[in-house]
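Below is one structure, written out as structure tokens; the observations come after it.
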Amino acid sequence: MQKDLFALLPKLIVESDDDTRFRFQAQQEALDELRCTQPPLGEWIDRCDYSFLMNTLSLSDRLFAKEFPGVQLSVEERKQFAEELSRHCDDCARCHLKKMYDLQWESCVDRAIAENREEIGKAIGYAVGKK
């Protein structure tokens, strides 16, 4: 049943936005035409979803230490790094575009989930055995 849930989510996302199937390729082509102005920062933006990265950096010390035990960064250090990444996205055309693509994708996923809560709820129920 868990496979059904994992199959349902992409199906709902694709159905809610006809361009989804082609968007990633077009976005990558647009990103390939641009160069990052600060590659060490840009690599973080390129490899991670922007919202995930920022949310991760804003975790409490307790949660951050639990999820990333080998990384010793205080809340203040993570906050400064997040601010540096945010400024970089404001200044660098490539990273700004990647950020916008990530936020657009997040919006598509959120919309698909919001529009299909009942169907997703049933699939989750089946996945955890509550039929």
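Select from region 51-72 the residues that are exposed (fewer than 13 other Cβ atoms within 10 Å of the Cβ) and polar (S, T, N, Q) and list them in ascending order.
Those that are exposed (fewer than 13 other Cβ atoms within 10 Å of the Cβ) and polar (S, T, N, Q): Asn55, Ser60, Gln72.
Are there any pairs, at least 6 apart or on different chains, whose C-beta atoms fall under 7 Å, with the first in region 54-83 and among the acidic types (Asp, Glu) and the second not in a loop (DSSP other than H, G, I, E, B), and if so, which?
Asp61/Val75
Report, by residue number, each residue of region 46-68 that is more than 16 Å from the chain's Cα centre (by Cα) and either part of a helix (DSSP H, G or I) or among the charged types (D, E, K, R) (or both).
Asp61, Arg62, Leu63, Phe64, Ala65, Lys66, Glu67, listed by residue number.
Kindly indicate whether any position in region 80-92 is among the polar types (S, T, N, Q), surrounded by 11 or more Cβ atoms within 10 Å (Cβ to Cβ) and in a helix (DSSP H, G or I).
Yes, some residue in region 80-92 is among the polar types (S, T, N, Q), surrounded by 11 or more Cβ atoms within 10 Å (Cβ to Cβ) and in a helix (DSSP H, G or I).
Each value in this text was obtained by applying a stated rule to the coordinates, not by laboratory testing. What you see is a predicted model, and the numbers here were worked out from it, not measured in a lab. Cβ: placed from backbone, ideal geometry, glycine included. Neighbour counts: every protein chain shown.
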